[in-house]
Amino acid sequence: MVKKRTPTPSHTVGPFFPARFFGEGDYDLTFVDDPAKRAQGQKIYIGGNIYEAERVPRWNCMVEIWQPDAGGCFNHPNDPRHSHADPNFMGWGRRSSDDAGWYDFVTVKPGGYTDPLTGFRRAPHIDVAIMSSGLMRRLVTTLFFPDEPANAEDPVFNAIPEADVRERLILKPAKLEGAPADATAYRLDIVLQGDGETPFFVD
Amino acid sequence: MTTPNFFEAYDEPSQPVIRIAQYRESLLRSPSRPPYKRPVTLTEITGPLNLARKLKTGMNDLSRVNNGARAMGQLIWVTGRLLDEDGMPVRGSVIELWQANAAGRYAHKADSQNPAPHDPNFLGSGRCLTDQEGRYAFLSIKPGAYPVPNHAARWWRPPHIHFSIFGEGFMSRLITQMYFPGEPLNAADLLLNAVPDEKGRERLVAKWIPMMQLERADAVGFEHDLVVRGHRATPMGF
Ligand SMILES: [Fe+2]
């Protein structure tokens with residue numbers, strides 16, 4: 001007999017998440033724990049500013065990402081193709097926005113996949129969660145890539161009916177200082193509130 | 001199916017409201033537009049299962065730093081189980097926790113306006129893995145209350161411990177706080193009371209473990225189960 005439980009209520013992460021919990025390699029998804037063993041795929045760099053209301057840069061935001069590997073697989077039993085997953089790719093990263101409100105990640109470009117639950121074709125995408133003081137619940141959204149024909153069919157991208165709003169989730173090719181020389185760089189600013197507000201999804 | 005494969009939106013009254021009038025940051029950082037509904041796909045029902053390869057664990061003893069002198073304050077033993085919505089243990093999952101010292105001060109640069117003293121023997125953060133029963137345990141110091149400054153309505157945060165929990169899918173990720181039973185400040189805390197449902201608030205308050213039920217006699221024991229989202233679409237036991 002299964003005992004049904006109700007999830008523990010969420011709370012804000014507050015301003016005091018320990019700095020020592022952000023490890024050096026946590027924002028670099030191109031390896032797991034051995035830098036000599038690299039994930040397969042095209043190396044990419046993603047960076048941007050996080051803004052609160054009135055375009056004030058928000059430092060001390062916790063940003064986490066989750067994505068499939070270059071072949072569109074997850075190393076997780078819910079993925080029927082998990083045995084094909086890249087052993088040198090975990091798909092998870094974490095970063096704190098710095099004093100100027102900048103966040104960034106080094107990763108590989110995710111592959112698209114056909115969703116086994118819904119049959120939808122998912123375009124390459126990266127799930128993002130934002131946690132901050134003031135946010136009693138995390139904010140979740142998904143980033144997409146430019147010039148991807150698959151975006152037109154993606155059920156999450158198209159869950160936003162306004163074309164100009166869903167456009168805000170498309171990474172923009174950019175020259176960025178922190179990008180490794182061998183990575184394709186993209187910028188995406190995240191606006192928590194106000195003009196150009198980032199669309200978020202029901203969590 | 002070994003892991004939860006079904007994740008539903010939260011039951012609203014058991015989760016906190018998003019905007020809290022006297023909590024200014026909640027007004028400045030919450031989106032002005034309602035979130036969009038999206039279908040849940042494989043990306044949302046999967047998540048990192050081997051996080052210990054990235055995040056160093058085995059940091060269960062917050063009561064001292066590098067085997068140095070013991071931190072100031074009342075020793076506490078905080079333990080509990082990490083469960084999913086089926087009541088099944090979540091094993092080998094990373095639990096992170098952090099808290100103020102006995103005087104109510106965090107070892108964090110953002111806590112610069114707080115006049116309460118630092119304790120050189122207390123970092124106030126730990127990380128561990130849940131065991132085969134989904135159990136975690138930490139030895140620590142009872143955190144002090146602290147005032148929230150710079151607000152139209154100043155208030156005291158009651159003693160609490162912050163938790164960061166991963167579970168087995170990106171949708172089971174949970175950031176929460178644990179409160180202590182019988183604390184008078186609990187009744188006036190803006191964050192605890194942002195949860196509309198009384199049962200929801202009760203889920204955030206730890207239970208005191210009677211001394212005779214605790215193997216150790218040096219620390220006050222508290223039991224606190226944590227439940228993350230996710231259950232199995234196929235009923236178990238069939
Ligand atoms: Fe706190």
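The values are calculated or read from the model by the stated rules, or taken from the named source; none is laboratory data. These figures come from a predicted structure and were not determined experimentally. Note that we place each Cβ from the backbone using ideal geometry, even for glycine, and neighbour counts take in every protein chain shown. In case anyone asks, the SASA skips ligands and DNA or RNA and just uses the protein heavy atoms, side chains included. Shrake-Rupley method; radii C 1.70, N 1.55, O 1.52, S 1.80 Å.
Of the residues making up the stretch B:83-100, those that are within 16 Å of the ligand (Cβ to nearest atom) and either open to solvent by 10 Å² or more (accessible area, probe 1.4 Å) or more than 12 Å from chain A (Cβ to nearest Cβ) (or both) number 0. Taking (1) touching a Ser or Thr at 6+ places or on another chain (Cβ under 9 Å); (2) at pLDDT below 95 in turn, B:Ala152 satisfies each apart from (1).
With B:Gly80, B:Gly73, B:Gly58 as the choices, which residue is of a type outside the set (S, T, N, Q) and within 12 Å of chain A (Cβ to nearest Cβ)? After ruling out the rest, the residue left standing is B:Gly80. Looking for something of a type in the set (Ser, Thr, Tyr), within 14 Å of chain B (Cβ to nearest Cβ) and over 27 Å from B:Ile18 (Cα atoms) - is there at least one such residue anywhere in the stretch A:96-109? So far as the stretch A:96-109 goes, yes, one or more of its residues are of a type in the set (Ser, Thr, Tyr), within 14 Å of chain B (Cβ to nearest Cβ) and over 27 Å from B:Ile18 (Cα atoms). Restricting attention to the stretch B:57-67, the residues being more than 15 Å from B:Ser93 (Cβ to Cβ) and part of a loop (DSSP other than H, G, I, E, B) number 5.
If I ask for residues that are out of contact with any Gly (no Cβ under 9 Å at 6 or more places or on another chain) and open to solvent by less than 40 Å² (accessible area, probe 1.4 Å), which ones from the stretch B:67-79 would you list? B:Gly68, B:Leu75, listed by residue number. Out of curiosity, is A:Phe16 within 16 Å of the ligand (Cβ to nearest atom), among the aromatic types (Phe, Trp, Tyr) and open to solvent by less than 10 Å² (accessible area, probe 1.4 Å)? Against the criterion (within 16 Å of the ligand (Cβ to nearest atom), among the aromatic types (Phe, Trp, Tyr) and open to solvent by less than 10 Å² (accessible area, probe 1.4 Å)), A:Phe16 does not qualify. When B:Pro184 is tested against (1) away from the ligand (no atom under 14 Å from the Cβ); (2) within 30 Å of B:Glu44 (Cβ to Cβ), just one condition goes unmet, and that condition is (2).
Can you name every residue in the stretch B:2-30 that is at the interface with chain A (Cβ under 7 Å from one of its Cβ atoms) and over 19 Å from A:Gly14 (Cβ atoms)? Correct list: B:Thr2, B:Thr3, B:Asn5, B:Ala9, B:Tyr10, B:Asp11, B:Ser14. Do we find a residue being in contact with a Ser or Thr (Cβ under 9 Å, 6 or more places away or on another chain), buried (at least 20 other Cβ atoms within 10 Å of the Cβ) and more than 30 Å from B:Arg232 (Cα to Cα) anywhere in the stretch A:155-162? Checked against the condition, which is being in contact with a Ser or Thr (Cβ under 9 Å, 6 or more places away or on another chain), buried (at least 20 other Cβ atoms within 10 Å of the Cβ) and more than 30 Å from B:Arg232 (Cα to Cα), the stretch A:155-162 yields no hits at all. Of all residues in the stretch A:26-39, those that are within 7 Å of chain B (Cβ to nearest Cβ) and assigned to a helix (DSSP H, G or I) total 1. Considering A:Asp147, A:Asp164, A:Asp127, the condition of being more than 9 Å from chain B (Cβ to nearest Cβ), of a type in the set (Asp, Glu) and either assigned to a loop (DSSP other than H, G, I, E, B) or touching a strand residue (DSSP E or B) at 6+ places or on another chain (Cβ under 6 Å) (or both) is satisfied by A:Asp147 alone.
Taking every residue in the stretch B:94-109 that is in contact (Cβ under 8 Å) with a residue 60 or more places away in the chain and pairing it with any residue that is open to solvent by 10 Å² or more (accessible area, probe 1.4 Å) and near the ligand (Cβ under 9 Å from one of its atoms), at least 6 positions away or on another chain, the pairs with Cβ-Cβ distances below 7 Å are B:Trp98/A:Phe16. Among the residues of the stretch A:177-203, count how many are touching a residue at least 24 places away in the same chain (Cβ under 8 Å), open to solvent by 30 Å² or more (accessible area, probe 1.4 Å) and more than 14 Å from chain B (Cβ to nearest Cβ). Going through the stretch A:177-203 one residue at a time, the tally reaches 6.
Residues in the stretch B:158-179 that are of a type in the set (Phe, Trp, Tyr) and within 13 Å of the ligand (Cβ to nearest atom): B:Phe163, B:Tyr179.
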